[in-house]
Amino acid sequence: MSILVNKDTRLVVQGITGKEGSFHAQQMMDYGTAVVAGVTPGKGGQEHLGVPVRNTVREAVEQDGANTSVIFVPPPFAADAVLEAADAGIELVICITEGIPVQDMIPVKPYLDKKGVRMIGPNCPGVLTPGDNVKVGIMPTMIFSPGNVGVVSRSGTLTYEAVDQLTRAGLGQSTAVGIGGDPIIGTQFLDAIQLFNEDPETEAIVMIGEIGGSAEEAAAAYVKEHVDKPVFGFIAGRTAPPGRRMGHAGAIVSGGEGTAEAKLEAMRDAGITTVINLAELGDTVKAHFESVA
Amino acid sequence: MKVHEYQAKEILAQHGVAVQRGIVADTVEEAVQAAETMAADGVTQFVVKAQIHAGGRGKGGGVKFTPSIDGVRPNAEEILGMTLVTPQTGPEGQLVQKVLVTAAEDIAHEYYVGVTLDRAKGMDVIMASTEGGVEIEEVAAATPEKIVKVHVDPSIGLRPYQVNEIASALGFEGQALKEAKKFIAALYRAYRQSDATTAEINPLVRTEDGRVVALDAKIELDENALFRHPDLAEMRDVAEEEPLEVEASKHNLNYIKLDGNVGCMVNGAGLAMGTMDLIKLAGGEPANFLDVGGTASPQTVEAGFRIIQSDPNVKAILVNIFGGIVRCDRVAKGVVEAASNMDLTVPLIVRLQGTNAEEGMQILKESGLPIESAIRLQEAADKVTAALNA
């Protein structure tokens, strides 16, 4: 078991003939992901990397049986690509594209909710389930090992750091989810933690948050009420000054909201083990497993 | 992206928002001319306002009223060229290079109205209050019941009844109610159509003669949407930005200058923040945020080193790269090439982890350059501590 992506994932790559889409489609195939088609409007009928290229996502669903989509299209067209996937019957849309205007994303989320479609991202590294050798996105595969720790993070390289430390500590992962660094994202910490909580294979959850917004606080409140599995939390940006946007569009402390201290406090209150020194993340989780063994 | 008050008012006026009359000026002579132009239309009292991106200008002496046109020249002389220190500029202040000369209004009441994104709900929210002219955060903390909030459901947009609810909650009546409704609807239109992330009017005023106008205006634009607003993109004023940040943006580096003593260069925004925090735990203070993104070529690494090192406070540099798609051996070559091309005057600690990390370490070792390398994060932190204590 795992969450979101597994052996049943049949992936269509939106933007497969572009530089990024092409490179990562190959990487995903090499890892073992079932890439069944690509979409580039106007290039339907061609073959690329050994899979058919379609003009529309609907064709990829009807002709190739795609059930999951990953989006590498440029920012001006990305919101439309998400809506197209949802409308074509895709169940899970993972949007890697960084730099989508906020106003473009506002109507997307309620539309997906109405359709019952889940989105991961945008501006995210994707999802990877090592036990099934399935990756959807851009995560480096060699740091992963199969196991029972669920990882959820807003940031790409911080996800890799966490996964790498876990693997080095002898702790494999059930699934790693990068939810994205934008102000509006499809799947929040709370949603991912709920999925991990319901996944029998996941025995512990690591959440890597950062300053800005209040999603970590909402997740902490959920953990307090509903989660009995051990949860470990880190918040990046304790030293970031207020009012400055730290790279991610969503990473900003404004009007006193979104501080690292408030998030850490909410997490501690929920019984989440907080990690202050990033370098100690893997060892902290390992110490927990050793203490219960 | 921040814009000046006068630019925000231009954007608002284009969308039909009633803004206080004003003319921007770069020199004292232009300021006097601006006042004369307005005087010809019957304006008798003026306010000269410093145009800098930071707020709190009045507190620092950057906003001056004069009851007659004769006061415009001395006010403009005083403000133009001054280094204005406000609660938002930091102690170093900001040089004033433009002023806005405006018609002074006889104010009956000051209100607040602002539009921004409610991240938790994923929709725009309009906030308004009868307590204008003060920081809205202060109102929210002390008297939250005095703030009315209306969310805009994206499936139906902002509805007339909602506009009426806001204006009525603010106590507008008669002709002023009509004007206030028109104002709020136009403000939201301006926010949406310019892809703003914030549009804030503080204060919005009702004048003694019953008009409803924006006395001040603050707009921040979504940088990701500037591609479809070339006219707004031109409003960027690099003179208001930290010179090192402007230089970094030319190399596609995401750099933010901070006040610490350890520079850092990292791939990825989250890991960059995590690295700053690690520097603090290692006994230093981060001198910057710097995300080199996914490439880390010799050119970008060298540009990054030069920018970090031009900050005289920097006592050590920590490079932290988690190689995923970008391979560590390539990053190591970039670091070596950059370090050989320039005179590195402070200790350099390079932590490479991920794809081909061992090969990367080897390249650093064989370079013969005085580079401390690390694979585990804690090792890198310890080496930062050692460098600071050396």
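In square nanometres and to one decimal, what's the mean projected area of the convex hull around the Cα atoms of region B:21-104? Don't skip to the answer; put the middle values down first.
Working: hull surface 18.6 nm².
If you wrap the Cα atoms of region B:21-104 in a convex hull and average its projections, you get 4.6 nm².
Add +1 for every Lys or Arg and -1 for every Asp or Glu among the other residues with Cβ under 11 Å from the Cβ of A:Ser145, and state the total. Walk me through the numbers before you get to the answer.
Values: positive: A:Arg168; negative: A:Asp164.
Its environment carries a net charge of 0.
For region B:242-389, what are Rg and Dmax over the alpha carbons, in angstrom?
For region B:242-389, the Cα radius of gyration and maximum Cα-Cα distance read 13.4, 37 Å.
Add -39500 (n - 2.57) for each DSSP H run of 4 or more in the protein assembly as shown, then divide by its residues: what number comes out at 222 nm, to the nearest 500 deg cm²/dmol?
So the calculated ellipticity at 222 nm is -10500 deg cm²/dmol.
Given the convex hull over the Cα atoms of chain B, what projected area results after averaging over all orientations, in nm²?
Across all orientations, chain B yields a mean hull projection of 22.5 nm².
Looking at region A:78-147, what % of the alpha carbon pairs are farther apart than 13 Å?
Across region A:78-147, Cα pairs with separations above 13 Å total 66 percent.
Would you mind computing, in nm to one decimal, how far apart the modelled labels at B:Arg73 and B:Glu359 are, each placed 7 Å from Cα along Cα→Cβ?
Output for this residue pair reads 7.3 nm.
Where does helix A:75-87 land angle-wise versus the long Cα axis of chain A, in degrees 0 to 90, nearest 10?
Helix A:75-87 sits roughly 80 degrees off the main axis of chain A.
Given contacts defined as C-alpha pairs under 8 Å and at least six residues apart, what's the relative contact order of chain B, whole-number percent?
Relative contact order of chain B: 12 percent.
If I model a spin label at A:Gln46 and A:Asn133 as a point 7 Å from the Cα along the Cα→Cβ vector, what separation in nanometres do I get?
2.9
Write down the Kirkwood hydrodynamic radius of chain A, to one decimal in angstroms, obtained as one divided by the mean of 1/r over all alpha carbon pairs.
The answer is 19.1 Å.
Within the set of other residues whose C-beta is less than 9 Å from the C-beta of A:Gly181, count the net charge using Lys and Arg as +1 and Asp and Glu as -1.
-2
From the phi of every residue in region B:45-59, what ³J(HN,Hα) in whole Hz does the Karplus formula 6.51 cos²θ - 1.76 cosθ + 1.60 yield, where θ is phi - 60° and glycine or proline is x?
Here the 3J(HN,Hα) series is 10, 10, 10, 9, 10, 4, 9, 10, 6, 7, x, x, 5, x, 5 Hz.
What spacing in nm lies between the two simple spin-label points modelled at B:Asp311 and A:Val292, each 7 Å away from Cα in the Cβ direction?
4.1
Suppose R0 equals 51 Å. What FRET efficiency, 1/(1 + (r/R0)^6) with r the Cβ-Cβ distance, do B:Ala169 and B:Glu242 give to the nearest 0.05?
Values: r = 40 Å, r/R0 = 0.79.
Calculated value: 0.80.
Residue by residue through A:276-288, how many Cβ atoms from other chains fall within 10 Å of the Cβ on average?
Whole-number average of other-chain Cβ neighbours for A:276-288 is 3.
For chain B, modelled as a GNM with alpha-carbon contacts under 10 angstrom, which of B:Gly58, B:Gly334, B:Gly174 fluctuates the most?
B:Gly174
Would you mind checking the radius of gyration and Dmax of region B:157-238 based on alpha-carbon positions, in Å?
14.7, 45
Given a cut-off of 22 Å, name the pairs among B:Lys257/B:Lys333; B:Lys280/B:Lys383; B:Lys257/B:Lys280 whose C-alpha atoms lie farther apart than that in the structure shown. Each step should come with its number before you reach the end.
On the way: B:Lys257/B:Lys333 26 Å; B:Lys280/B:Lys383 13 Å; B:Lys257/B:Lys280 16 Å.
Those over the limit are B:Lys257/B:Lys333.
Net charge around B:Phe289, counting only other residues with Cβ within less than 9 Å of its Cβ (Lys, Arg = +1; Asp, Glu = -1)?
Once all neighbours under 9 Å are counted, the net charge is +1.
Looking only at other chains, what is the average number of their beta-carbon atoms within 10 angstrom of each beta-carbon in A:235-244?
6
Per residue of region B:263-276, what does 6.51 cos²θ - 1.76 cosθ + 1.60 with θ = phi - 60° give for ³J(HN,Hα)? Whole Hz please, x for Gly and Pro, Karplus curve as stated.
x, 8, 9, 9, 9, x, 5, x, 5, 5, 5, x, 5, 4
Cross-link partners among aspartates and glutamates for A:Lys229, C-alpha distance below 16 Å, same-chain residues fewer than 8 apart left out?
A:Asp191, A:Glu198, A:Asp199, A:Glu201, A:Glu203, A:Asp269, A:Glu290
If you take all C-alpha pairs in the protein assembly as shown, what percent of them are over 50 Å apart?
Here the tail beyond 50 Å accounts for 17 percent of pairs.
Cα axis of helix A:19-31 to longest principal axis of chain A: angle in degrees, 0 to 90, nearest 10?
70
Per the Kirkwood definition applied to all pairs of different Cα atoms, how many angstroms is the hydrodynamic radius of region A:192-286?
The answer is 13.7 Å.
Cross-link candidates for B:Lys49: which lysines have Cα within less than 18 Å, leaving aside residues fewer than 8 places away along the same chain?
Candidates past the 8-residue exclusion: B:Lys2, B:Lys9, B:Lys59, B:Lys64, B:Lys98, B:Lys218.
So how tilted is helix B:174-193 from the main axis of chain B? Cα-based, degrees 0 to 90, rounded to 10.
Here the helix axis deviates by roughly 20 degrees.
Give the lysines whose C-alpha is closer than 18 Å to that of B:Lys149, dropping any in the same chain fewer than 8 places away, or say none.
Excluding near neighbours in sequence, the set is B:Lys121, B:Lys181, B:Lys182.
Under 5 Å between amide hydrogens, which residues at least 5 positions from B:Ala108 or on another chain qualify, with H placed 1.01 Å from N in the peptide plane?
Correct list: B:Arg206, B:Thr207, B:Glu208.
Where a number appears in this text, it was derived from the coordinates with a stated rule and is not lab data. Please read these numbers as outputs of a predicted model, since none were measured by experiment. Using ideal geometry, Cβ is built from the backbone for each residue, glycine included, and neighbour counts are taken over all protein chains shown.
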